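Data first, discussion second: the structure below is written as structure tokens.
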Amino acid sequence: MSKQFWFVVGSQDLYGQEVLDTVARRSEEMAAWLSEKLPYPLVYKVTAMSSDQITKVMKEANYDDDCLGVVTWCHTFSPSKMWLTGLDLLQKPYCHLATQYNLEIPNDEIDMDFMNLNQAAHGDREHGFIAARLRKPRKVIAGYWKDEKVIERLSEFQKVAYGVHVSRNMKVMRFGDNMRDVAVTEGDKVEVQKVLGWEVNTWAVGDLVKVMNEVTDEEVEALFDTYKESYDINTDNIAAIRYQAKEEIAIKKMMDANNCKAFSNTFQDLYGMEQLPGLASQHLMSLGYGYGGEGDWKVSAMTAIMKAMGENGNGASAFMEDYTYHLVKGHEYSLGAHMLEVCPSLAADKPRIETHHLGIGMNEKDPARLVFEGKAGKGIVASLIDMGGRLRLIVQDIEAVKPIMQMPNLPVARVMWRALPDLTDGVECWITAGGAHHTVLSYDVTAEMMRDFAKFMGIEFVHIDKDTTVEKLEEELLVKDLVWKLR
Ligand code: MN
């Protein structure tokens, strides 16, 4: 993997060459050790001692496409006016690792030489001031560099930075417009390009149909074999599965030809197609592509980004929709699903391919789709909405459960969860914040990661967790409205 992070260590020229050599040697050792534990390598770049040096390395970080972010640390004291220009210019995600080479204060050994070499407690404060003074978005992580929690948080910073990279290179392919009259799936495409980097453009459904018609039997057969290996086939309607394969191949060809990592379509515009892509969209999501139904390009891009931020660059995150509630006291749950398109990365067991009638839309034939239950576990749901003049990212903590009933007649993949703080307060908070019915549900991206993503992208963030009340949330939203008007 060529993607990497740069480790820039602060010092100055007051200490003599021996100290600087020690700092460089240790920094290299730490970067090498951490690289073994982190999702992306941490490459030691320089022990920085001047403004020119720091400005140069930050400019290089901006222009190097393989550099996903910068991690800084001050082994010794490093006067921060030296960092001002460089940090101000830095456009990549930035983490200040406030750590220390040694775990313990060595009782017998400690003298003033030791203090001069090991003064991160002192240096990291000076270093932190300048980023605060610059209002620089950053992740601050404090602790011993070999500590598990520190490694985990540094890993999460790296994954977020990768998400930032994916966002800034995001191209979304829209087939058809948003579903008629729906408000929350709309948004300012120029604003998202400026703020998040997304290029959101439209392609004709007719062009997709043309590409579908050029798909060969051999291509369909190869993908059909992949379906057979990955899923149980629970239908006699093999033609419908082959048709989905043809749709998938055509959509993928068009996305790859245009460097798109996400797509949207709508059941209101399937002109020339027999079925809404169901299995096709689901399998594309399992490959890491984003998808949003009813023309929801925002949730589509967010699905691709959050999948990229997950485990191994394609985690357990999926386009999701809140459908219906179980309101029995003490057993309150949300049931999430979609017409067809839920990513199998959420599945508890091997998904099965089924065909069923789909009443909504222009489906001439019964679309094939994957049916499964979502797995149990902690997670989040996330929704990006356009507030008019700014974007708001809303994240709610959830606890997914094994669905408490079989629902034998429900012909789609389903996930059941308990939203925090509880179902009714959670719903009241979500609705108060304006969260959409479409979300990205993730088992492996955390709320803290999404908060950092929002911080690096410069968008509003709202988190609904176990301690949120409607009253506190209303106040928070009022304050944020004022703050964002001033920006
Ligand atoms: Mn929907």
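Peptides 21-28, 72-79, 44-51 ranked from most to least packed give 72-79, 44-51, 21-28, packing being the mean of other C-beta atoms within 10 angstrom over each peptide's residues. Dividing the radius of gyration of the alpha carbons in the chain by their Kirkwood radius gives 1.03 for Rg/Rh. Is the shape of region 355-487 best called rounded, prolate or oblate, per the rule: a/c under 1.5 gives rounded, else a/b larger than b/c gives prolate, else oblate, with a ≥ b ≥ c the square roots of the Cα gyration tensor eigenvalues? Prolate shape, in that a/c is at least 1.5 and a/b is the bigger ratio.
Under a 5 Å amide H cut-off, with hydrogens placed 1.01 Å from N, G10 pairs with A48, W73, C74, H75 among residues at least 5 apart or on other chains.
Work out how much length D465 to V483 would gain on full extension: take 0.36 nm times their residue separation and subtract the Cα-Cα distance, in nm to one decimal. Please report the intermediate quantities before stating the final value.
On the way: separation 18, 0.36 × 18 = 6.48 nm, distance 2.21 nm.
Gain on stretching D465 to V483: 4.3 nm.
By the Cα gyration tensor, region 4-160 has an equivalent ellipsoid whose semi-axes, rounded to whole angstrom, run 23, 19, 14 from largest to smallest. A simple spin-label model places pseudo-atoms 7 Å from Cα toward Cβ; at V209 and K402 they are separated by 4.6 nm.
Among the chymotrypsin sites (Phe, Trp or Tyr not before Pro) within region 420-487, not one is in coil by DSSP while having at most 12 neighbouring Cβ atoms inside 10 Å. Taking 0.36 nm per residue of separation and subtracting the current Cα-Cα distance, fully stretching the chain between R168 and Y325 would add 52.9 nm. Charge tally for H356 (other residues, Cβ to Cβ under 9 Å; Lys, Arg +1; Asp, Glu -1): -1. Here is the list for region 158-237: trypsin sites (Lys or Arg not before Pro) lying in DSSP coil, each with at most 10 other C-beta atoms within 10 angstrom of its C-beta, are R180. Pairs with C-alpha atoms separated by more than 29 Å, drawn from the list K3/K253; K149/K455; K171/K246; K59/K139; K252/K307; K210/K350, are K210/K350. What does the helix-only formula give at 222 nm for the chain: each DSSP H stretch with n ≥ 4 adding -39500 (n - 2.57), the total divided by the residues, and the result rounded to the nearest 500 deg cm²/dmol? Helix-only estimate at 222 nm: -13000 deg cm²/dmol. Among rounded, prolate and oblate, which fits region 1-78 when a ≥ b ≥ c are the square roots of the eigenvalues of its C-alpha gyration tensor, a/c under 1.5 means rounded, and a/b larger than b/c means prolate? Oblate, because a/c is 1.5 or more while a/b does not exceed b/c.
Loop-located GluC sites (Glu not before Pro) in region 271-375 (DSSP state other than H, G, I, E, B) with a sparse environment of at most 15 neighbouring Cβ atoms within 10 Å: E364.
Bear in mind these aren't lab numbers, they're just calculated from the coordinates by the rules spelled out. Note that this is a predicted model, so its numbers are computed, not measured. No Cβ is skipped: glycine too gets one built from the backbone with ideal geometry, and neighbour counts run over all protein chains shown.
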